Amino acid sequence: MDIDRVELADCGSPEKIIAEIMRQVPEMQIPVPIEELAVAVGITDIHRLETASFEGGLVTQPERASGVILVNSRATAQRQRFTIGHELGHYLIIAHQPASTGQFTCSKADMAIREADRDNRARRMEMEANRFSAGILMPLARFKPDMRNLGTPALEHVFTLAMRYNMSKEATALQYVLHQDAVCAVIISKDGVVRRIYKPNRFPFIDVRVGTSLPTPSLSARLAGDQQSDWDDVHAGVWLAIAREVRHHSLQEQAYRLHDGWIMTLLIYADQDEEEDSDGQISDAYDVWENPRFPSRSRRR
Ligand SMILES: [Zn+2]
């Protein structure tokens, strides 16, 4: 792989760097050969260390003549790929400069940062490195057509894409909901407790907090022990903070049992004011909100 770094130096944002790499390597192999890509931009070594103290690191110079990436070897292969992408982000975004040690050291928590205030520079750097990693490992020029070819949203499609891009199910789920044509969100829970929520800004506010129980009327909370996956139409108020007078919202929920009590939930939102004529069905849904475990209107097979 040949990459002209002079062209990359002018790109300020993660997205511009990714676009330039994809311009230079239009036939990018999928899964993206991230280690080969790292070598092509001047990374001389990728060290795998058994450590509990960090997830990834980068040793480099302010002018980025070369770099060495450190990776926690205890992590899964997919997480290691994400970590290499993250450190590569720090390396290629020249504005990223480490605090005082002259070296980037990134924790597992840093790898999960998706939002940052404008004035929190350290956090912004981590957020940008994560955006770079997801964006280079699942480049939208390839990911979006693949996603569309799979059809209407479903968690099985997230898992198919995770396999194809050699990424974790969670990292893939985030990219999936951010770039789906439909308005979707993913919720990760373990033993009935919400752990993480992934949604684009256009998805309405989810009225469930991390660390609290799944809402009891939700399909995810009801998924039987031996059942792997199910679909249901739930009242939007189960998950969303919607005014009771706003009735024309529909929410489809898919719950999928992963392993060891982990459940991935997909929510697909539609504002039916735009999609359906009022034929009485919606107000039925509103009326039965008093008993939220109303039977589904239409079940997906
Ligand atoms: Zn970092």
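The values are calculated or read from the model by the stated rules, or taken from the named source; none is laboratory data. These numbers come from a predicted model, not from an experiment. Don't worry about glycine lacking a Cβ; one is built from the backbone with ideal geometry, like all the others, and counts go over all protein chains shown. Side chains are part of the model used for accessible areas, which takes the heavy atoms of the whole protein and leaves out ligands, DNA and RNA. Shrake-Rupley method; radii C 1.70, N 1.55, O 1.52, S 1.80 Å.
Restricted to region 192-280, the set of strands (runs of 3 or more DSSP E) holding at least 1 residues that are at pLDDT 90 or above and among the basic types (Lys, Arg) comprises 193-198, 249-257.
Does Val177 fit the bill of being in contact with a Cys (Cβ under 7 Å, 6 or more places away or on another chain), open to solvent by less than 10 Å² (accessible area, probe 1.4 Å), modelled with pLDDT of 95 or more and assigned to a helix (DSSP H, G or I)? It is true that Val177 is in contact with a Cys (Cβ under 7 Å, 6 or more places away or on another chain), open to solvent by less than 10 Å² (accessible area, probe 1.4 Å), modelled with pLDDT of 95 or more and assigned to a helix (DSSP H, G or I).
Hey, any hits in region 185-197 for a residue that's over 26 Å from Met111 (Cβ atoms) and open to solvent by 40 Å² or more (accessible area, probe 1.4 Å)?
Within region 185-197, not a single residue is over 26 Å from Met111 (Cβ atoms) and open to solvent by 40 Å² or more (accessible area, probe 1.4 Å).
Scanning region 101-137 for residues that are outside any helix (DSSP H, G or I), within 9 Å of the ligand (Cβ to nearest atom) and either touching a Cys at 6+ places or on another chain (Cβ under 6 Å) or in contact (Cβ under 8 Å) with a residue 24 or more places away in the chain (or both) yields a total of 4.
Yes/no per residue for (1) touching a strand residue (DSSP E or B) at 6+ places or on another chain (Cβ under 9 Å); (2) exposed (fewer than 12 other Cβ atoms within 10 Å of the Cβ); (3) outside the structural domain of Ile113 (by TED's automatic domain parsing); (4) over 28 Å from Phe143 (Cβ atoms):
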{"site": "Lys16", "(1), (2), (3), (4)": "no, no, no, no"}
{"site": "Ala19", "(1), (2), (3), (4)": "no, no, no, no"}
{"site": "Arg23", "(1), (2), (3), (4)": "no, yes, no, no"}
{"site": "Met28", "(1), (2), (3), (4)": "no, no, no, no"}
{"site": "Ile43", "(1), (2), (3), (4)": "yes, no, no, no"}
{"site": "Phe54", "(1), (2), (3), (4)": "yes, no, no, yes"}
{"site": "Leu58", "(1), (2), (3), (4)": "yes, no, no, no"}
{"site": "Gln61", "(1), (2), (3), (4)": "yes, yes, no, yes"}
{"site": "Val68", "(1), (2), (3), (4)": "yes, no, no, yes"}
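Tallying residues that are among the small types (Gly, Ala, Ser) and within 16 Å of Gln80 (Cβ to Cβ) within region 16-52 yields 2.
For Arg74, the criteria (1) within 26 Å of Met22 (Cβ to Cβ); (2) assigned to a loop (DSSP other than H, G, I, E, B); (3) touching an Asp or Glu at 6+ places or on another chain (Cβ under 7 Å) hold in every case but one, which is (1).
Matching residues to (1) at pLDDT 95 or above; (2) assigned to a loop (DSSP other than H, G, I, E, B):
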{"position": "Ala19", "(1), (2)": "yes, no"}
{"position": "Met28", "(1), (2)": "yes, yes"}
{"position": "Val39", "(1), (2)": "yes, no"}
{"position": "Thr44", "(1), (2)": "yes, no"}
{"position": "Thr51", "(1), (2)": "no, yes"}
{"position": "Leu58", "(1), (2)": "yes, no"}
{"position": "Ile69", "(1), (2)": "yes, no"}
{"position": "Ile84", "(1), (2)": "yes, no"}
{"position": "His96", "(1), (2)": "no, yes"}
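When you check Leu155 against the structure, is it touching a Pro at 6+ places or on another chain (Cβ under 9 Å) and either buried (at least 22 other Cβ atoms within 10 Å of the Cβ) or more than 25 Å from Gly42 (Cα to Cα) (or both), yes or no? The answer is no for Leu155.
Of the residues making up region 116-147, those that are under 24 Å from Val32 (Cβ atoms), exposed (fewer than 15 other Cβ atoms within 10 Å of the Cβ) and aliphatic (A, V, I, L, M) number 1.
Selection within region 80-100: residues that are open to solvent by 10 Å² or more (accessible area, probe 1.4 Å) and in contact with a strand residue (DSSP E or B) (Cβ under 8 Å, 6 or more places away or on another chain). The member of this set that is nearest to the ligand (Cβ to nearest atom) is Pro98.
Consider Val208 carefully, then state whether it is out of contact with any helix residue (DSSP H, G or I) (no Cβ under 8 Å at 6 or more places or on another chain) and either polar (S, T, N, Q) or open to solvent by less than 20 Å² (accessible area, probe 1.4 Å) (or both). Judged against the criteria, Val208 is a match. The residues listed here are Ala171, Ala122, Ala134, Ala112; of these, the one that is modelled with pLDDT under 95 and within 12 Å of the chain's Cα centre (by Cα) is Ala112.
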